[in-house]
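Here is the structure we will look at, set down as structure tokens.
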Amino acid sequence: MNYLLIKQLHITCAVISGSLFVLRGMWMLLRPELLQHRWVRVVPHVVDTLLLGSALTMVALSGQFPFVLPWLTAKVVALLVYIVLGAVALKRGKTRAVRSLALVGAILVFGYIVAVALTRLVVPLSW
Ligand code: HEM
């Protein structure tokens with residue numbers, strides 16, 4: 001399979017994943033009942049699986065490995081932080097204040113991941 005095609009899939013999934021997360025975050029604050037729709041519980045998981053699957057495929061095809069290349073390590077660690085903050089924001093946070101804080105944190109971490117992807121720097125200040 002063509003590497004550029006997989007990278008395109010990865011970028012598309014990243015855009016859809018980030019947009020769906022912001023949308024669900026807004027619903028969590030304003031219309032929590034909408035989070036119960038079946039598609040809202042299924043589609044983000046499918047997109048996130050494709051996002052990670054395409055990432056792992058590129059890692060295997062290009063031989064650029066996390067825990068060898070610092071920028072890829074940073075992406076993996078930040079992804080784990082994003083997943084935890086995302087779960088607190090959309091589900092696990094007990095109060096609205098905790099969920100809102102986690103939501104802002106998750107969006108900032110997502111922005112960091114994109115900045116690292118674009119610059120390939122752990123501290124992407126030149127972005
Ligand atoms: C929320 C999670 C993620 C987002 C938003 C994201 C976003 C992106 C974006 C925007 C690019 C394109 C950069 C460019 O234009 O050059 C990219 C490339 C890439 N990402 Fe991700 N990514 C995520 C997770 C991951 C993870 C966990 C890994 C590794 C395990 C990974 C591995 C890669 C690789 C290998 C490339 C291609 C680098 C290249 O050959 O140019 N990504 N990512």
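Each Cα pair under 8 Å and six or more residues apart adds its sequence gap; the mean of these over the residue count of the chain is a relative contact order of 23 percent. The convex hull drawn around the Cα atoms of the range 3-119, when projected onto a plane and averaged over every direction, covers 7.2 nm². Modelled this way, with points 7 Å down the Cα-to-C-beta line, the labels at Arg120 and Val15 are 2.3 nm from one another.
Ordering of 15-25, 62-72 by packing is 15-25, 62-72, highest average first (other Cβ atoms within 10 Å, averaged per residue). Projected label points at Leu23 and Val68, each 7 Å from Cα along the beta carbon direction, are separated by 3.8 nanometres.
Residue by residue, the range 64-73 carries 3J(HN,Hα) couplings of 9, 9, x, 6, 10, 8, x, 5, 6, 4 Hz when phi is fed to the Karplus relation 6.51 cos²θ - 1.76 cosθ + 1.60 (θ = phi - 60°); x denotes Gly or Pro.
Quick note: the coordinates plus some simple rules give every number you see, no bench work behind them. These numbers were taken from a predicted model, which means no experiment stands behind them. Note: ideal-geometry Cβ built from the backbone for every residue, glycine included; neighbour counts use all protein chains shown.
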